[in-house]
Every structure is written in structure tokens, then in C-alpha cells.
Amino acid sequence: MSWRSEHIWIDFLRGSRKTSNFCWAFILFLGSLGFLLVGTSSYLGRDLISLFPSQQIIFFPQGIVMSFYGIAGLFISSYLWCTISWNVGSGYDRFDRKEGLASIFRWGFPGKNRRIFLRFLLKDIQSIRIEVKEGIYAHRVLYIEIRGQGAIPLTRNEKNLTPQEIEQKAAELAYFLRVPIEVF
């Protein structure tokens, strides 16, 4: 989602609160809870889940392995739920031609560097850079090249924009900022 006027361009970034992340966190939680319950029922010798009779699963080694997978899955699921609740990766890119400033803001993980806020002058922007890697794991990333600071990514790797979408966005932003486009 973005907002544009004659002098201001703002791109809002979604972050971790995507439908796919909710689905994966929920599926992983239920699956790992099932593994842990089956491992526990094999240890206790009682059926905690009626679908899997505990007599068919011996605690050593199957029950231990299932309990381990259940615990590991719960840890990964809790990590996903934390990134969703903290909305890691969300933020905005703001370019203001009237004031001559560009601001990039992202939310990170809790701690000292939770708020990532970069501010620089528009005249320090050298170019808009598109990095394209084709193949099995193709990705296209849009960067902003800043004098003295290097390249700062504006889009995420997993967004998977089509070549036309990334070219369109890069062309519009380069026209707005009056800088050239570089392709790598």
C-alpha cells in the first residue's frame, strides 16, 4: 500500500502479519502439539489421542523422537507467533521533495534496536537499483543507493514481484526522486 502526492511519496510495508504466516504458525502449533501428545501417551501407556493407540508406539525410540519433534515444533511455532505479534519488518518509506528528506522506518525484534529509523537527504540518493536473480529461487529486490552509506533495500526478498511490477515501481520512484535506475 502506498500514498502519493505531488511532493510526498509514502510506501507502507506490511511486515510479518500476513495470512501465510498465520496459517503456518497455526498448522505448526497443532502438528507439534499432536506429536507431543503422541509421545507423552506412549510414555504414559494411556491413549491421550484416540486416533493413535499408545500400544502401537513404543516410547523408546519412537515416543522420544515424537516428543522431541513436538517440543521443537512448539518452540518454532512460538517464534512465529512472536514475530507476528511484534509485526517484525513492518514500517514505511517516506520521500519528501518539499523538505528534501527521505525516511525509512522498520520495526525489528524487541531490544535496543527495535526501531530502525534512517533519515538522509534526497540529494544524497545516487540511484534506484534493481537486483534480479533468476533460477529456481528467483528474487527481485529494489534498493536505494545512497552516497557514503551503500544500498538500502526497499522491498523484501520474499515479496516475489513480477519483472513488470518491480520495473514499474522502480521507474515511478526514480522519476519521483529524479535519479537514474541501475540493474544488477
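With respect to the cross-link table entries LYS98/LYS169; LYS18/LYS133; LYS18/LYS123, which display a Cα-Cα separation exceeding 29 Å?
Flagged as over cut-off: LYS18/LYS123.
Rounded to the nearest Å, what's the spacing between the alpha carbon centres of region 1-54 and region 75-118? Just the number, please.
Cα centroid of region 1-54 versus Cα centroid of region 75-118: 21 Å apart.
Specify whether the C-alpha gyration tensor of region 38-144 places it in the rounded, prolate or oblate class, a ≥ b ≥ c being the square roots of the eigenvalues: rounded for a/c under 1.5, otherwise prolate if a/b is larger than b/c and oblate if not. Working shown, then result.
On the way: a/c = 5.40, a/b = 2.87, b/c = 1.88.
Prolate is the answer for region 38-144, as a/c is 1.5 or above and a/b outweighs b/c.
Along each of its three principal axes, how wide is the spread of alpha-carbon positions in region 20-86, in whole angstrom units, largest first?
Computed over the Cα atoms, the extents are 42, 20, 14 Å.
When the helix-only estimate is applied to the chain (DSSP H runs of n ≥ 4, each -39,500 (n - 2.57), divided by the residue count), what is the mean residue ellipticity at 222 nm, nearest 500 deg cm²/dmol? Before the final figure, lay out the partial values.
Working: 3 runs with 64 residues, N = 184.
The per-residue figure over the chain is -12000 deg cm²/dmol.
Looking only at ILE166, ILE116, ILE57, which one moves most when the chain is put into a Gaussian network model with springs between Cα atoms under 10 Å?
Of the options given, ILE57 has the highest mean-square fluctuation.
Helix 19-44 sits at what angle to the longest principal axis of the chain, using alpha carbons and giving 0 to 90 degrees rounded to 10?
20
Assuming R0 = 45 Å, what is the FRET efficiency of GLU172 and ILE76, from their Cβ-Cβ distance, to the nearest 0.05? Can you show the working numbers first?
Details: r = 38 Å, r/R0 = 0.85.
The calculated FRET efficiency here is 0.70.
Projected onto the charge dipole of the chain (+1 at Lys/Arg Cβ, -1 at Asp/Glu Cβ, origin at the Cα centre), which of TRP107, LEU173, LEU121 gives the Cα projection farthest towards the positive end?
Projecting each Cα onto the dipole axis, the largest value belongs to LEU121.
Tell me, what is a quarter of the convex hull surface for the C-alpha atoms of the chain, in nm² with one decimal?
Details: hull surface 58.0 nm².
Taking the Cα atoms of the chain, their convex hull projects to 14.5 nm² on average.
Readers should treat all values here as calculations from the given coordinates under stated rules, not as data from a laboratory. Remember, it's a predicted structure, so these values are computed and weren't measured experimentally. We place every Cβ from the backbone using ideal geometry, glycine too, and count neighbours over all the protein chains shown.
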